[in-house]
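Data block below; observations after.
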Amino acid sequence: MTRFIKKLIAGLCALALATAIWIPCLHFFFIKSVAAFRPTEGLSPKARQLAARHLQLWTDPELRQRELGRMRASNAEWDFMGRTFLVWSLAEMSVRNPGARAEYLKTMDRIIEETLHLEKEHGMYFFLMPYARARPYIMQPARSHFLDSEIALMLAVRRMVEEKPEYQPLLHERIEAMLARMQQGPVLSAESYPNVCWMFDNAVSLAASKLADYLDGSDHAAFLRQWLERAKQKLVDPKTGLLVSSFTVDGQPLDGPEGSSIWLVTHCLRLVDEDFAQDQYRRARKELGRSLAGFAWSREWPASWNGPMDIDSGPVIPVLEISAGASGMAFIGASSFGDAGYLTALAATLDFSAFPSLKQGRLKYCASNQVGDAALLYATVLGPLWEKAKHGNKHDK
Amino acid sequence: MTNKSIKPPSAARSSGWISPHSFLSVAVTLSVFFMLVHLVGFREHTAFLSGTTGAVGVGTRLSTFYGVIYILLYLGCVVIAPILVLAAGMLAFWQKFLSPDKHLP
C-alpha cells in the first residue's frame, strides 16, 4: 500500500470519526431547559424578548407597515394570523406578568379594533387569499370561518383578562353566527374558503365558544359533544387516526392530517375533550414528530399521505421532511401538552436553524416572519387561560 | 528515496489536501467567509425559508440567493469547520505517534 493510500485512509477515518463525535454533540450548544422556553409561572427571557419585538411593531407604524407588507406580499392570511397569535399571547402574558397588564391590554385593544375596522372597511377578502373569490361560498351569506373563529377567540381571551363591556355583544354575535353556520352542515363545520372547511378554524371556534361559556354563562356543551362525535365518525384519517386538515361542507376530506394544522387543533381540543386531545397529540407525535442528534422538527404530512408543499407548510427540506410551518406549530402542541423532551429539542432546532437576531432586548428569527414569531411567542406563554376556562366559569366564582 | 515514496503528480496534489494543515485552512476559510456574509447582513435574507423576502429594496430572487449563501456558509462554519478541526487534530496525532511512516520526512 502506498503512502498516499495510507494517508487517504487515515484522513477519511479522521473525518468520519470527527463527524461521529461532532454531530451528536452539536445540539448541546443550542439546547436549554424547558423553563428557558416556557416556565410554569412568569415569563421566560425568550418570551420577553419576542414580545418586546412585537410590541415595538405596534408602536412603530413604519416598522409595522414594512413587516406586514413583506408578509402580505406572500399571503394576506399571515397579516391576520400575526394579529391573532399576538393577541392570544398578550392575554396569556397578562396573567403571567400582571405588572405589564395595562400595556398588554392597550396593545390587544388596538389590534382588535384595527382588525375589526379593516374587516368592516374592506370586507373579509382583505385577509383571505385570492382563491376565496374563485367561486361562491356554499353557505350564504358568504362568511369566512377563518376570520370569525380567530376574531372570536381574540375577543374572548381579551375579556378573560379583564372585562370590556363593548366586546361582550361582539363576542356573543360572532359565536352565535359561527355556531348557526356550523349546524347547517352534516359535519357541523363551517367554510373558511368556498366549500373548504379547515379543521384549524373549526377547532379555534370550539375553543372560543368554550371561553364564551366561561365568560357569559352560556352552555354550548351539547353542541361541542355533538361536534366531537361527528368528527370522530367522519373526519378522522383511517390510516393515522388523526383529524384531517380540510374537507368540504358535506364532510368529504380534501387533505389528510397536516402538521401546520393538527398541533394547534390538539391544543384547542383540550377545552372540549382532554382525553381525545391527548390521543390526537400522541398520534401527531408518532406520525409527524421527528428527531435526530438532539434536534427535533415536524413533518407536514404523515408518511402515509403524499401531500404537496404549500404556503402553510413552507419549504420542506427533502429526506428529513422538515417543514418550517409544521415545526412552528409543533411548539404549540408540545408546550400545551407539557412534552418537555420534544419542546426542548424543537427549541434547539429553532436556535440552530432559524437564525435568531437579538437587538436591544428585542428578538426575532430571521428565517421566520411576524406570524411565525407570534406563534412561537404564543407557545412560550400559553396555559393559564386554558386552565382557567377548564375549571368552571366566571359566574361560579 | 525509495520506490514507495514515488507517486504520480496527481496523487501528490491530492495527498496535499489530506493534512492537518489543509483541514485547518479550510475550516478557517469557511469561518472567515461566514463572518463576512454575517457582517454584511445576509442573515436577514434567510427569511426566504418562511416564504417572505428578507429586506426592502432587494428582489426576491436576489434575496433568496443571499439567503442560500448565508445558510451554506453558516453550516460550513458550525457543522463542517469543527469537524475539520477535530479531524486535523486526529490526523496530526496519527502522523506523529501512530503512522509507520512517522520517521520519514
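The values are calculated or read from the model by the stated rules, or taken from the named source; none is laboratory data. Everything numeric in this text was worked out from a predicted model, so none of it was measured. Note: ideal-geometry Cβ built from the backbone for every residue, glycine included; neighbour counts use all protein chains shown. The protein model used for the area step is the full one, side chains on, heavy atoms only, and it has no ligands, DNA or RNA in it. Shrake-Rupley method; radii C 1.70, N 1.55, O 1.52, S 1.80 Å.
On the given criteria, is A:ARG83 outside any helix (DSSP H, G or I), in contact with a Ser or Thr (Cβ under 6 Å, 6 or more places away or on another chain), closer than 22 Å to A:ALA379 by Cβ and more than 8 Å from chain B (Cβ to nearest Cβ)?
No, not satisfied.
Within region A:25-39, track down each residue that is open to solvent by 60 Å² or more (accessible area, probe 1.4 Å), part of a helix (DSSP H, G or I) and more than 9 Å from every other protein chain (Cβ to nearest Cβ).
Residue satisfying the conditions is A:PHE28 alone.
Give region A:239-257 a look and list any residue that's within 21 Å of A:ALA326 (Cα to Cα) and open to solvent by 50 Å² or more (accessible area, probe 1.4 Å), or say none.
A:LYS239, A:PRO253, A:LEU254
Only one of (1) within 14 Å of chain B (Cβ to nearest Cβ); (2) of a type in the set (A, V, I, L, M, F, W, C); (3) surrounded by 24 or more Cβ atoms within 10 Å (Cβ to Cβ) fails for A:VAL381. Which number is that?
Evaluating A:VAL381 over (1) within 14 Å of chain B (Cβ to nearest Cβ); (2) of a type in the set (A, V, I, L, M, F, W, C); (3) surrounded by 24 or more Cβ atoms within 10 Å (Cβ to Cβ) leaves (1) as the failure.
Every residue, every condition in (1) under 19 Å from A:LEU171 (Cβ atoms); (2) in contact with a strand residue (DSSP E or B) (Cβ under 7 Å, 6 or more places away or on another chain), yes or no:
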| site | (1), (2) |
| --- | --- |
| A:TYR214 | yes, no |
| A:GLY241 | no, no |
| A:THR248 | no, yes |
| A:GLN252 | no, no |
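Residue-by-condition table, conditions (1) more than 14 Å from A:TYR378 (Cα to Cα); (2) hydroxyl-bearing (Ser, Thr, Tyr); (3) crowded, with 21+ Cβ neighbours inside 10 Å:
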residue: A:PRO318; (1), (2), (3): yes, no, no
residue: A:SER323; (1), (2), (3): yes, yes, yes
residue: A:ALA330; (1), (2), (3): no, no, yes
residue: A:ALA334; (1), (2), (3): no, no, yes
residue: A:THR344; (1), (2), (3): yes, yes, yes
residue: A:ALA354; (1), (2), (3): yes, no, yes
residue: A:GLN360; (1), (2), (3): yes, no, no
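Which condition from (1) more than 19 Å from A:PRO39 (Cβ to Cβ); (2) at pLDDT 95 or above; (3) within 19 Å of the chain's Cα centre (by Cα); (4) not in a strand (DSSP E or B) is the one that A:ALA347 breaks?
It is condition (1) that A:ALA347 fails.
Just to check your reading of the model, which residue among A:ILE5, A:ILE9, A:ILE21 is open to solvent by 60 Å² or more (accessible area, probe 1.4 Å), part of a helix (DSSP H, G or I) and at pLDDT 95 or above? Give the steps one after another, and end with the answer.
Details: A:ILE5 fails: at pLDDT 95 or above; A:ILE9 fails: at pLDDT 95 or above.
Checking each option against the conditions leaves just A:ILE21.
Residue check: is A:ALA340 crowded, with 24+ Cβ neighbours inside 10 Å and under 13 Å from A:PHE37 (Cβ atoms)?
For A:ALA340, the condition - crowded, with 24+ Cβ neighbours inside 10 Å and under 13 Å from A:PHE37 (Cβ atoms) - is not met.
Looking only at residues that are of a type in the set (Val, Ile, Thr) and at the interface with chain B (Cβ under 7 Å from one of its Cβ atoms) in region A:1-24, which one is nearest to B:GLY16 (Cα to Cα)?
My answer is A:THR2.
Against the definition (facing chain A (nearest Cβ under 9 Å) and touching a Leu at 6+ places or on another chain (Cβ under 8 Å)), how does B:GLY51 come out, yes or no?
In short, no.
Identify, by number, the condition in (1) open to solvent by 50 Å² or more (accessible area, probe 1.4 Å); (2) in contact (Cβ under 8 Å) with a residue 24 or more places away in the chain that A:PRO308 doesn't meet.
A:PRO308 satisfies all of (1) open to solvent by 50 Å² or more (accessible area, probe 1.4 Å); (2) in contact (Cβ under 8 Å) with a residue 24 or more places away in the chain except (2).
Can you go through B:PHE33, B:PHE93 and tell me which one is more than 8 Å from every other protein chain (Cβ to nearest Cβ) and at pLDDT 95 or above?
After ruling out the rest, the residue left standing is B:PHE33.
If I go through region A:251-271 residue by residue, how many of them are over 17 Å from the mean Cα position of the chain (by Cα) and assigned to a loop (DSSP other than H, G, I, E, B)? So that I can check it myself, show each step before the final result.
Residues of region A:251-271 over 17 Å from the mean Cα position of the chain (by Cα): A:251-256.
Now narrow it down to the ones that are assigned to a loop (DSSP other than H, G, I, E, B): A:251-252, A:256.
Total satisfying the criteria: 3.
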